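In what follows, a single structure is set out as structure tokens and then discussed.
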Amino acid sequence: MSRRLLSVATVAGILALVGVTTAATPAPRKIVPVKPPAVATVEEAVNIDWRVLAGLDYVSGSATDTLKKLEGKLVRIPGFVVPLDDFQEEGAEFLLVPYYGACVHTPPPPPNQIVMVGMTGKKSVKLGLFDAVWLSGRLKISSVESPYGTVGYQLEGMKIEPYSAK
């Protein structure tokens with residue numbers, strides 16, 4: 001008889017354990033696919049001009065609220081290319097300035113009027129000194145030294161195209 005009690009007690013214990021384990025196990029959740037965040041494309045870049053970039057006080061390092069909001073954003077800036085080496089016809093790093101001949105003659109423009117460009121993936125592009133261009137990429141407010149003086153901005157260049165009024 002004690003054997004029978006033991007087996008009833010054992011079965012009751014096992015059932016209790018199974019009940020506790022089942023109660024502690026959460027019900028399977030429905031898996032909902034998560035959409036990756038939208039990635040901005042170059043076509044969605046914000047057109048800005050040199051008056052916006054002039055909002056950087058290069059002495060104190062302070063910037064206007066408009067300029068701060070553009071930090072890390074995709075922008076599109078018109079300007080002229082200045083190669084970092086004399087007579088360079090192609091390159092993946094160069095300067096962008098607001099007017100033809102800037103930096104080549106002294107004194108150079110102020111730092112808030114010079115952008116250091118590094119093309120994504122070190123992609124080499126044609127550097128036409130006389131051609132106005134639109135340059136699209138991710139803007140960073142960051143001072144850097146160049147062969148032509150202090151630069152106020154860096155741009156991760158993604159696209160360069162001939163300038164048009166559009």
In region 42-162, lysine pairs 8 or more places apart or on different chains with C-alpha atoms under 17 Å apart total 8
The set of residues whose placed amide H lies less than 5 Å from the amide H of Tyr163, leaving out same-chain residues fewer than 5 positions away, is Ala132, Val133, Trp134
Scoring region 42-162 by relative contact order with C-alpha pairs under 8 Å, at least six apart, yields a percentage of 28 percent
Under 5 Å from the placed amide H of Ile114, counting only residues 5+ away or on other chains, we find Gly152, Tyr153
The distance between the Cα centres of region 50-73 and region 121-145, in whole Å, is 18 Å
Per its Cα gyration tensor (rounded if a/c is under 1.5, else prolate when a/b beats b/c, else oblate), region 42-162 is best filed as oblate
For region 86-95, Karplus-derived ³J(HN,Hα) couplings (6.51, -1.76, 1.60; θ = phi - 60°; whole Hz; x for glycine and proline) come out as 4, 6, 6, 9, 9, x, 9, 10, 6, 9
Residues whose built amide H sits under 5 Å from the amide H of Tyr100, excluding neighbours closer than 5 in sequence, are none
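Bear in mind these aren't lab numbers, they're just calculated from the coordinates by the rules spelled out. Model, not experiment: these values are computed from the prediction.
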